[in-house]
1. Considering each of LYS23, LYS54, LYS47 in turn, give the residue that is modelled with pLDDT of 90 or more, of a type in the set (Lys, Arg) and open to solvent by 50 Å² or more (accessible area, probe 1.4 Å).
2. Inside the stretch 4-20, can you point out the residues that are outside any helix (DSSP H, G or I), surrounded by 12 or more Cβ atoms within 10 Å (Cβ to Cβ) and of a type in the set (A, V, I, L, M, F, W, C)?
3. For residues that are in contact (Cβ under 8 Å) with a residue 60 or more places away in the chain and among the hydrophobic types (A, V, I, L, M, F, W, C), tally how many sit in the stretch 10-59.
4. Every residue in the stretch 3-53 that is more than 28 Å from LEU77 (Cβ to Cβ) and among the polar types (S, T, N, Q), please.
Amino acid sequence: VILIKGAGEAFSAGGDVVAMQEKSGMFAGDSHELRARYQHGIQRIPKCFEDLSKPVIAIVNGPAVGAGCDLAMMCDLRIG
């Protein structure tokens, strides 16, 4: 089994909303660049989860916001 737990008071605060608004960092570039970055970057996480042979348990120890909620939902079991 694989356990995932946030460090601190939140499970996951999600993506960097300031970078999204400023279109900086991984959110910089035109729509084609963003799409490629998502397909070959962040989308590797759910693909990896799908290939795992072990169950994944999310220990949701606080807020799971945005992409953090997605991460919790990708797990086989969530414990709050």
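1. Of LYS23, LYS54, LYS47, the one residue that is modelled with pLDDT of 90 or more, of a type in the set (Lys, Arg) and open to solvent by 50 Å² or more (accessible area, probe 1.4 Å) is LYS54.
2. If the condition is that a residue be outside any helix (DSSP H, G or I), surrounded by 12 or more Cβ atoms within 10 Å (Cβ to Cβ) and of a type in the set (A, V, I, L, M, F, W, C), then ILE4, ALA10, PHE11, ALA13 are the ones that fit.
3. Qualifying residue count for the region: 1.
4. GLN21, SER24, SER31
The values are calculated or read from the model by the stated rules, or taken from the named source; none is laboratory data. Small disclaimer: the values here were computed from a predicted structure and weren't measured. Here the Cβ is made from the backbone with ideal geometry for all residues, glycine too, and neighbour counts use every protein chain on show. To get the accessible areas, we keep the full protein, side chains included, count just its heavy atoms, and leave off ligands, DNA and RNA. Shrake-Rupley method; radii C 1.70, N 1.55, O 1.52, S 1.80 Å.
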